[in-house]
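Enquirer: Would you mind keeping the following structure in view while I ask a few things?
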Amino acid sequence: MKTMSRQEVLDMYFMDARHKLIDLAAFMDRVDRSSGIHDFRMQAFDEALKHLRSGDANRAGKVLMTFSDPSTEPIKEATTKAACGAWPGSGAPTLPQEENAV
């Protein structure tokens, strides 16, 4: 399979990436306008943004790992009914139950 040129990649994927960036900017604006403090999800989000700007190889993998639970042992029992999108870390506060309800 032939590797695409930079121009081909831009022609094929730029509009989709542009849309996603505008959507992320709107999300960030909504968070900034809201009251309350950032929780572990926004801390992970901010860390993921740093990976995007780093220029390092494997940015997608690094962003994914920013949101992932690095532990290898299963937990004894689930404390919530749904995933929250980011690993709170050991000892981090958990989300209130109503935010996790499906």
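Residue-wise test of (1) modelled with pLDDT of 95 or more; (2) among the aliphatic types (A, V, I, L, M); (3) in contact with a Lys or Arg (Cβ under 7 Å, 6 or more places away or on another chain).
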position: 5; (1), (2), (3): yes, no, no
position: 8; (1), (2), (3): yes, no, no
position: 12; (1), (2), (3): yes, yes, no
position: 16; (1), (2), (3): yes, no, no
position: 19; (1), (2), (3): yes, no, no
position: 24; (1), (2), (3): yes, yes, no
position: 30; (1), (2), (3): yes, no, no
position: 39; (1), (2), (3): no, no, no
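Enquirer: Just give me the residues in the stretch 49-60 being part of a helix (DSSP H, G or I) and loosely packed, with under 11 Cβ neighbours inside 10 Å, in sequence order. Show your work before the answer.
Expert: Filtering the stretch 49-60 for residues part of a helix (DSSP H, G or I) gives 49-54, 59-60.
53, 54, 60 - these are the residues of the stretch 49-60 that are part of a helix (DSSP H, G or I) and loosely packed, with under 11 Cβ neighbours inside 10 Å.
Enquirer: When you go through 80, 66, 72, 3 one by one, which is the residue that is surrounded by 12 or more Cβ atoms within 10 Å (Cβ to Cβ), of a type in the set (Val, Ile, Thr) and over 14 Å from the mean Cα position of the chain (by Cα)?
Expert: 80
Enquirer: Moving to a separate point now. Please go through (1) modelled with pLDDT of 70 or more; (2) not in a loop (DSSP other than H, G, I, E, B) for residue 99 and return the number of the only condition it doesn't satisfy.
Expert: (1)
Enquirer: Identify all residues within the stretch 15-48 that are part of a helix (DSSP H, G or I) and over 20 Å from the mean Cα position of the chain (by Cα); write none if there are none. I'd like the intermediate steps shown before the answer.
Expert: Step one: list which residues in the stretch 15-48 are part of a helix (DSSP H, G or I), which gives 15-33, 40-48.
Selection gives 15 alone.
The values are calculated or read from the model by the stated rules, or taken from the named source; none is laboratory data. This structure is a prediction, so every number in the text was calculated from the model and none was measured. Here the Cβ is made from the backbone with ideal geometry for all residues, glycine too, and neighbour counts use every protein chain on show.
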